[in-house]
Amino acid sequence: MLHRGQESTGGPGGGELAVPMAWLYAEYIADELLRTGDLMPPTSFEFRAGRDALALTIFLSDTGGELSGIRVVSQLETWLSLTAYDQPWQGWVRERMAGLAAEAVASGGPAPDLELAAAAWRWLEETELLAPDLDAVPGGGSIPGEDDGPKVWTPAWRLGLPLGHLAIHLF
């Protein structure tokens with residue numbers, strides 16, 4: 001995506017490409033964490049849900065714009081707490097996205113990182129995946145196996161978030 005040169009390395013009107021480095025780096029970290037955990041095939045929708053949920057967590061938790069390779073290990077505890085089961089992750093994402101959107105409008109500059117984060121968030125909210133019903137009553141039907149048992153259509157973020165959380169634990 002081309003921007004109008006407000007923060008371009010070529011100066012005003014340079015027509016330089018705005019590279020969304022913060023988002024790409026967050027996505028890379030999330031991808032590596034999930035691949036290391038080896039929880040599901042990287043080509044699956046479940047993997048994408050986990051990667052996007054984890055990338056959003058990483059991207060949105062970086063309040064100082066200082067994501068760096070050195071700090072990744074020190075941030076694992078923060079990401080674990082944000083992705084924990086009892087946390088209001090969805091509300092936190094909405095709040096942080098709204099805040100970043102307001103900052104982008106106020107600055108008047110391009111926000112390519114935010115655009116990619118918003119696209120990932122839309123996909124996580126709007127896409128539903130068929131997953132095991134984790135709230136099903138035990139003993140209420142067939143013998144639960146990997147492919148047996150009740151399944152339910154679940155928003156992708158509800159499946160991706162625990163996968164991301166588990167991937168952090170396994171790292």
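The values are calculated or read from the model by the stated rules, or taken from the named source; none is laboratory data. Note that the structure is a prediction, hence the values are computed from the model and not measured. Cβ: placed from backbone, ideal geometry, glycine included. Neighbour counts: every protein chain shown. The area values use the complete protein model at the heavy-atom level, side chains included, leaving out ligands, DNA and RNA. Shrake-Rupley method; radii C 1.70, N 1.55, O 1.52, S 1.80 Å.
Results, tabulated for the structure shown:
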item: Under Karplus coefficients 6.51, -1.76 and 1.60, residue-wise ³J(HN,Hα) of segment 81-88 in Hz, glycine/proline x; result: 5, 5, 9, 4, 4, 8, 9, x
item: For ASP133, distant residues with modelled amide H under 5 Å away; result: LYS151, VAL152
item: Inter-label distance, nm, simple model (7 Å from Cα along the C-beta direction), GLU115/THR43; result: 3.0
item: Residue-level accessible surface for TRP89, protein heavy atoms, 1.4 Å, Å²; result: 0
item: 18 Å tail of the calculated P(r), segment 43-128, as % of Cα pairs; result: 46
item: Karplus (6.51, -1.76, 1.60) ³J(HN,Hα), θ = phi - 60°, over segment 157-167, in Hz, Gly and Pro reported as x; result: 5, 5, 8, x, 4, x, 5, x, 4, 5, 4
item: Accessible area, probe 1.4 Å, largest first, for residues GLU128, GLU95; result: GLU95, GLU128
item: Stretch gain in nm, segment THR36-TRP123, where the contour uses 0.36 nm per residue and the Cα spacing is subtracted; result: 29.0 nm
